[in-house]
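The values are calculated or read from the model by the stated rules, or taken from the named source; none is laboratory data. What you are looking at is a predicted structure, and each value in this text was computed from that prediction instead of being measured. A quick note on method: Cβ atoms are made from the backbone with ideal geometry, for glycine too, and the neighbour counts reach across all protein chains shown. For accessibility, only protein heavy atoms count, side chains too; no ligands or nucleic acids. Shrake-Rupley method; radii C 1.70, N 1.55, O 1.52, S 1.80 Å.
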Amino acid sequence: MTPATRQKVLGLYRKIFQIAKKWQSASGQREETIKEKEYIKNEAKTLFRKNKNVTDPKLIKQCIEECEARIEIGLHYNIPYPRPIHLPPMGLAHKGRTLQHQEKLRKISKPIYLKSHDEIS
C-alpha cells in the first residue's frame, strides 16, 4: 500500500468515527441513537480489520469506493445501515437463461455498498 493510499484509508477510518460521535438517529430517540452509533463503530472496526491485509491495488480501490459510498448514503438518508436492493427472483433473466446465469447477473447488479455487508452478515 502506498503512503498516500494508507493516509486515505486512515482518513476514512477517522471520518467514520467522527460521524459516529456526532450521529443522531432519524427518530431522535436516545436509545435508537446509541444503537446506531454502536452499529457504525462495530461495522467500521469489523470491515477495516477484515481488509487490513489486502494488498491488491484494485481491491483496495474498490474497498475505498465502497466506504465512501456507504458514508455518503448514510449521511444522505440518515440511516447507518446499508440500503437493501429488491429484485424479483428471476427479474434479470430472459427466457431460457439458467439459474447460474441469473445468479451471475444478480451479483453484477449488486451496488458497491452492499458487497462487504453480505460477506460479514
Can you say whether I73 is modelled with pLDDT under 90 and under 14 Å from the mean Cα position of the chain (by Cα), as far as the supplied structure shows? yes
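Quick one: which of E38, E31, E43 is surrounded by fewer than 11 Cβ atoms within 10 Å (Cβ to Cβ) and part of a helix (DSSP H, G or I)? Outline the logic, then answer.
Details: E38 fails: surrounded by fewer than 11 Cβ atoms within 10 Å (Cβ to Cβ); E43 fails: surrounded by fewer than 11 Cβ atoms within 10 Å (Cβ to Cβ).
Exactly one residue qualifies, and that residue is E31.
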Looking at the stretch 12-27, can you tell me whether even one residue there is at pLDDT below 95, in a helix (DSSP H, G or I) and in contact with a Ser or Thr (Cβ under 8 Å, 6 or more places away or on another chain)? no
Under 8 Å by Cβ, and 6 or more places apart or on different chains, what pairs join a residue from the stretch 13-38 that is hydroxyl-bearing (S, T, Y) with one that is open to solvent by 80 Å² or more (accessible area, probe 1.4 Å)? S25/K35; T33/Q24
Could we say that F17 is more than 19 Å from I79 (Cα to Cα) and of a type in the set (F, W, Y) here? no
